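A quick write-up on the structure given underneath.
The values are calculated or read from the model by the stated rules, or taken from the named source; none is laboratory data. If you're wondering where the values come from, they're calculated on a predicted model, not measured in any experiment. Methodologically, a virtual Cβ is constructed for each residue, glycine included, from the backbone with ideal geometry; neighbour enumeration extends over all protein chains shown. Remember, those area values only see protein heavy atoms, side chains included, never the ligands or the DNA or RNA. Shrake-Rupley method; radii C 1.70, N 1.55, O 1.52, S 1.80 Å.
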Amino acid sequence: MLLVHVTGQDQAPWAAAFAETLAPYPVVQHGDGHDPAEVEYIFAWKPVPDAFEGLGNLKAVLSMGAGVDALMQHPRLPAAPVVRFVADDLSQRMSDYVVAHVTMHQRLFTSFRSAQRAHRWDQIKPPLARDVTVGIMGMGELGQRAAQSLGPLGFALRGWSRSRKSIDGVTSFAEPDGFDAFLGGTDILVNLLPLTPDTAGILNRTTFGKLRRGVLPGGPVVINAARGKHQREADLVDALRDGTLGAASLDVFETEPLPADSPLWDIENCYITPHISAVSDIKSCVDYFTRIIQAHEGGGALPHVVDRARGY
Ligand SMILES: O=CC(=O)O
């Protein structure tokens, strides 16, 4: 039996989609009165505190999101393997977001927009893409896909990750020693890291102060499409106001929805989207986990299992 447990959005369409693709395998929903001992798989997004109650025969926890931090932080997460969502359309969506924001900043969108508002004909010259270095933090599925999309556009690329990666066209830095060197040559910093105790708060004033200055006339840029807890928003506000950062594109926030009284809303060089850079598509996600459940029931191994020690 598959138990569907989705919070923050309507759970029923997910259960209906799984019921169709998995039939005759039974699919139930959180809160519908099923016997928890019959549950073999739970498909979860932001689980409530009692989400795993009584699930003594669990074979796997299936994460609706690519980011598994909400599961990993759950105080009663069972010992069963946790499987991440990995899909081509999800990676493409994220790379679309990154490309849009990187090119917008490289072409000095903020300057031209403010000149337009003031009816000013300012012929400032945007730097060539090849003279702008994009530094990607987190070189997993999403980081590598973003690099693959940005490379053909001419950007210089560097990546920073837990272990050094060998990726064509990307200068690789590894933690912890490589961090300052990585930042020192980065004009546009893109965060696609998993959220773990090691990466929480990594987008802070000290980090911003180490980015390269001089290539983008307004100052270096930060793009965060990973998790809000990666960023210190008070530091972002200060850095955007005092010119430490030229601009920021933020899809995620310490508190979501971003509170109406957050100063970030009104900062001209801050570009806000409501956690939509790479939303899991219902069909793609249901097809992916249906294949995984069916293969596993047939004796196959689970793919993309989270390493509990690493936290992703
Ligand atoms: O934030 C969305 C995800 O983790 O997929």
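Please list, ordered by first then second residue, the pairs with beta carbon atoms under 6 Å, 6 or more apart or interchain, first in segment 204-230 and of a type in the set (A, V, I, L, M), second part of a strand (DSSP E or B) and within 16 Å of the ligand (Cβ to nearest atom).
These pairs meet every condition: 223/190; 223/249; 226/191.
Filter segment 72-91 down to the residues that are open to solvent by less than 20 Å² (accessible area, probe 1.4 Å) and either near the ligand (Cβ under 10 Å from one of its atoms) or of a type in the set (Gly, Ala, Ser) (or both) and list them by number.
80, 85, 87, 90, 91 - these are the residues of segment 72-91 that are open to solvent by less than 20 Å² (accessible area, probe 1.4 Å) and either near the ligand (Cβ under 10 Å from one of its atoms) or of a type in the set (Gly, Ala, Ser) (or both).
Which ones in segment 95-149 are aliphatic (A, V, I, L, M), within 30 Å of residue 266 (Cβ to Cβ) and assigned to a helix (DSSP H, G or I)?
Pass one, segment 95-149, residues aliphatic (A, V, I, L, M): 98-100, 102, 104, 108, 115, 118, 124, 128-129, 132, 134, 136-137, 139, 142, 146-147.
Okay, now just the ones that are also within 30 Å of residue 266 (Cβ to Cβ), so 98-100, 102, 104, 108, 115, 118, 124, 132, 134, 136-137, 142, 146.
Those that are aliphatic (A, V, I, L, M), within 30 Å of residue 266 (Cβ to Cβ) and assigned to a helix (DSSP H, G or I): 98, 99, 100, 102, 104, 115, 142, 146.
Got a sec? Which of 90, 142, 157, 153 is among the hydrophobic types (A, V, I, L, M, F, W, C) and farther than 27 Å from residue 310 by Cβ? Walk me through how you get there before you give the answer.
Values: 90 fails: farther than 27 Å from residue 310 by Cβ; 142 fails: farther than 27 Å from residue 310 by Cβ; 157 fails: farther than 27 Å from residue 310 by Cβ.
Checking each option against the conditions leaves just 153.
Please enumerate the residues belonging to segment 59-71 that are assigned to a loop (DSSP other than H, G, I, E, B) and either crowded, with 19+ Cβ neighbours inside 10 Å or away from the ligand (no atom under 11 Å from the Cβ) (or both).
The first filter runs over segment 59-71 and keeps only residues assigned to a loop (DSSP other than H, G, I, E, B), leaving 59, 64-68.
Answer for segment 59-71, where residues must be assigned to a loop (DSSP other than H, G, I, E, B) and either crowded, with 19+ Cβ neighbours inside 10 Å or away from the ligand (no atom under 11 Å from the Cβ) (or both): 59, 64, 66, 67, 68.
Residue 132 - would you say it is closer than 30 Å to residue 173 by Cα, assigned by TED's automatic domain parsing to the domain that holds residue 200 and more than 21 Å from the chain's Cα centre (by Cα)? Break it down stepwise before answering.
Working: closer than 30 Å to residue 173 by Cα: yes; assigned by TED's automatic domain parsing to the domain that holds residue 200: yes; more than 21 Å from the chain's Cα centre (by Cα): yes.
The answer is yes for residue 132.
Among the candidates 248, 239, 309, single out the residue that is exposed (fewer than 13 other Cβ atoms within 10 Å of the Cβ) and not assigned by TED's automatic domain parsing to the domain that holds residue 63. Break it down stepwise before answering.
Details: 248 fails: exposed (fewer than 13 other Cβ atoms within 10 Å of the Cβ); 239 fails: exposed (fewer than 13 other Cβ atoms within 10 Å of the Cβ).
Result of the check over 248, 239, 309: 309.
Any idea which of 256, 233 is open to solvent by 40 Å² or more (accessible area, probe 1.4 Å), free of Cβ contacts under 8 Å to residues at least 40 places away in the same chain and in the same structural domain as residue 125 (by TED's automatic domain parsing)? First the steps, then the outcome.
Values: 233 fails: open to solvent by 40 Å² or more (accessible area, probe 1.4 Å).
Just a single option satisfies the conditions, and that option is 256.
Could you tell me whether segment 166-180 includes any residue that is open to solvent by less than 70 Å² (accessible area, probe 1.4 Å), within 25 Å of residue 147 (Cα to Cα) and within 16 Å of the ligand (Cβ to nearest atom)?
Scanning segment 166-180 turns up no residue that is open to solvent by less than 70 Å² (accessible area, probe 1.4 Å), within 25 Å of residue 147 (Cα to Cα) and within 16 Å of the ligand (Cβ to nearest atom).
Suppose the filter is within 16 Å of the ligand (Cβ to nearest atom), in contact with a Phe, Trp or Tyr (Cβ under 7 Å, 6 or more places away or on another chain) and assigned to a loop (DSSP other than H, G, I, E, B); does residue 280 pass it?
Yes, satisfied.
Within segment 7-25, is there a residue that is surrounded by fewer than 22 Cβ atoms within 10 Å (Cβ to Cβ), hydrophobic (A, V, I, L, M, F, W, C) and part of a loop (DSSP other than H, G, I, E, B)?
Checked segment 7-25: at least one residue is surrounded by fewer than 22 Cβ atoms within 10 Å (Cβ to Cβ), hydrophobic (A, V, I, L, M, F, W, C) and part of a loop (DSSP other than H, G, I, E, B).
Identify all residues within segment 135-165 that are touching a helix residue (DSSP H, G or I) at 6+ places or on another chain (Cβ under 8 Å), surrounded by fewer than 16 Cβ atoms within 10 Å (Cβ to Cβ) and of a type outside the set (A, V, I, L, M); write none if there are none.
154
Is it the case that segment 154-161 has a residue that's within 16 Å of the ligand (Cβ to nearest atom), modelled with pLDDT of 95 or more, over 17 Å from residue 249 (Cβ atoms) and out of contact with any strand residue (DSSP E or B) (no Cβ under 8 Å at 6 or more places or on another chain)? Give the steps one after another, and end with the answer.
First, the residues of segment 154-161 that are within 16 Å of the ligand (Cβ to nearest atom): none.
The answer is no; no qualifying residue exists.
Between a first residue in segment 162-174 that is closer than 15 Å to residue 134 by Cβ and a second residue that is of a type outside the set (Gly, Ala, Ser) and in a loop (DSSP other than H, G, I, E, B), which pairs have beta carbons less than 9 Å apart while being 6 or more apart in sequence or on different chains?
From residues that are closer than 15 Å to residue 134 by Cβ, the pairs are 167/139; 170/139; 172/139; 172/164; 172/165; 173/164.
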